[in-house]
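See below for the structure under consideration.
Every number here is computed from the coordinates shown, using simple stated rules; none is lab data. Note that this is a predicted model, so its numbers are computed, not measured. Positions of Cβ are backbone-derived with ideal geometry, glycine not excepted, and every protein chain shown enters the neighbour counts.
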Amino acid sequence: MMAKISNDEESIEDEKRTNPYYRTRLLSPDKMALEDAKFIRQKVMEHNKWFEECIPMIASENLMSPLAKEMLISDFADRYAEGLPGKRYYQGNIYVDEVELKTIELAKKVFDADFADVRPISGTVANMAVLFAFAQPGDTITTCALAQGAHISTCEFGAFGQRGVNSVNYPFDEKSMNLDVDGTIKLLKEVRPKVAQFGLSVFLFPPPLKELQDTFQEIGCLVWEDCAHVLGLIAGKQFQDPLREGVNIVSSSTHKTFPGPNHGMLLGANLTEEQEKKLLHAVFPGVTSSHHLHAMAALGITLAEMDVFGRDYAAQACKNARALGQALYERGVPVLCPDLGFTRSHAIALDVAQFGGGKDCAKALEDANIICNKNMLPRDTSSVRPSGLRLGAQEMTRIGMKESEMDQVAEFIARVVVKKEDPSKVKEDVKEFKKQFATIQYCFNAGEPAYGYHKLVE
C-alpha cells in the first residue's frame, strides 16, 4: 500500500527525512544526501539550543572558550602529523611544530612539570600509553575499584584488562570516600606492584599520597595518577598537586574541570631519560598516529587561559560544589560526606536510593532540563541501576554561577527528586532561570555566548 504524503509543508519536510517511500521514490540520491546532512545539522543546532536552556551538571564536561573553539575549525583539523616536532614523517608541519612546542611549554609552566606530551587524543589513550610504556601482561598494578569511583579504563573490561595486567584494588573507606591509608600501605608492601595507580571518576577528596610516599620509595614502584576530573583544579592551585607529592606520571583528558577540547595529555616529574623515551614511544607509534592537531591547538589556547584565569575559576568551582552540597543536604537530599564538607573538588555524590535510585532520578532531572548522571556508590554491585547521582559544578561556574545560584539549583533538584513534582513544570522554571547565565566566563573573550551555534555556511 502506497504511503500517504501530507500536503502540509512541515509534514512534507519530516517525511523527506523519515518516510522510506518518499525518500526513495521522490528524491534523487543527491537530494537525499543533502536532506540527511541538513538533518544532522539541525539536530546539532537543536542540541546547542537545548543546553542553553539546561543546567549542566555532568562532572566530566565543560565549555571551551571562543578562542579555543576557533582552533577546531581551522586548517589544522585537516592535517596530519606523525612523530615529534622537527622529526615528522610528513612535510607541511612547519607551523604545527611551533604550536605543539608552545603547547608543551605552556603545559610544563601551568603544571610545573618536567615532562609533557600533548599528543594523546583522549584521557583513555593517555592511560593506554602509560600501560604500554611501563606494564607488561602479567604485571601487577594497584588501583581503585569501579564501585569506589575508578575510571572504566582500570577495569578488567577496560584498558587494564586489555593489556592483561593483574589489577589489585586498594582497601577503601566508604565513610571518607577515600583510601584506607593503613590498609593501602599493607597492600602495597604485600603485592609490591610494578605501578601504583591512583585517580577516580568520583573524585571528591585528594588521595593520601604524602602518607604513602615512604612506601612508594621502599618498594620502588612507579606512581601514576589519572587526574582527568581534577586537572583544572590542579592548574588553578585549588587541589592536591600530585607531582609534588610523589607522583611520577599524570595522565588526563582535557575537557572536564580543565575546560579544553576532547583530547589528552601526559605530565611527568622525576622520570629518567629512559622512562621519558619509553613514554614518548608509547604515545607514537604505540597508541596514536596523527594526534588531532586542531584539538592540540585548542589545548594550547586553554593552557594559556588557565595560566591567567585558572585560580579564580577553580576556586569558585570548589566553592560552588560545597555550597551545592550544603543546600541539597538542607533540603533532605542525602549528600555523601557531610562531616567532611561534602567535597574538596568540583563534584559531589548523592545517595538517592530512597527516591528511586540513580537511573530514575537522572532521567526525571533530565526531563526538567537538569543534566547529571547516575553513578555507582561503593556498596553498589550494578552500574546499570546504581544508588547514586554525580553532580559537577564546573560548567555552572564557567557560565558565571556562584554560591547563591547553587541554592536555587538545589531547590530545582529537590523539587524533582524529593517532592516528586512534575518535571515539565520544573523545566519551565529552569529555562527562565538559565536565561541569566548564557555567556562564557574565565577566558580571554569573556561575555561571548556559551552555547551559540556558529555557521560557516548558510
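Computed quantities for the displayed model
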{"quantity": "Within the stretch 66-303, percent of DSSP bridges classed antiparallel, to nearest 5", "calculated": "50"}
{"quantity": "Rounded, prolate or oblate (a/c below 1.5 giving rounded, otherwise prolate when a/b exceeds b/c) for the stretch 309-434 by Cα gyration tensor", "calculated": "oblate"}
{"quantity": "Lysines whose Cα lies under 18 Å from that of Lys108, excluding same-chain neighbours fewer than 8 positions away", "calculated": "Lys237, Lys277"}
{"quantity": "Amide proton proximity set for Asn270, modelled H, under 5 Å, gap of 5+", "calculated": "Asp114"}
{"quantity": "Residues with amide H under 5 Å from that of Asn166, placed H, sequence gap 5 or more", "calculated": "Gly138, Asp139, Thr140, Ile141"}
{"quantity": "Peptides 55-65, 172-182, 194-204 ordered by average Cβ neighbours within 10 Å, highest first", "calculated": "194-204, 55-65, 172-182"}
{"quantity": "Once the Cα gyration tensor of the stretch 66-303 is diagonalised, semi-axes √(5λ) in Å", "calculated": "31, 19, 15"}
{"quantity": "Order by protection proxy (mean Cβ within 10 Å, highest first), peptides 434-441, 258-265", "calculated": "258-265, 434-441"}
{"quantity": "Hits among aspartates and glutamates - C-alpha to C-alpha of Lys434 under 17 Å, sequence gap 8 or more where chains match", "calculated": "Glu46, Glu52, Glu53, Glu366, Asp367, Glu395, Glu403, Glu405, Asp407, Glu411, Glu448"}
{"quantity": "The stretch 309-434: relative contact order as a whole-number percent, Cα under 8 Å and 6+ apart", "calculated": "30"}
{"quantity": "Relative contact order of the chain, defined on C-alpha pairs under 8 angstrom at six or more residues apart (%)", "calculated": "21"}
{"quantity": "D (Stokes-Einstein, µm²/s), Kirkwood Cα radius, the stretch 22-77, 0.692 mPa s at 37 °C", "calculated": "226"}
{"quantity": "Qualifying lysines (Cα of each under 17 Å from Cα of Lys102; at least 8 residues distant if same chain)", "calculated": "Lys87"}
{"quantity": "Over 31 Å between alpha carbons, listed pairs Lys194/Lys256; Lys31/Lys359; Lys363/Lys402; Lys69/Lys419; Lys319/Lys435; Lys38/Lys420", "calculated": "Lys31/Lys359; Lys69/Lys419; Lys38/Lys420"}
{"quantity": "Protection proxy ranking, peptides 105-111, 81-87, average beta carbon neighbours within 10 Å, highest first", "calculated": "105-111, 81-87"}
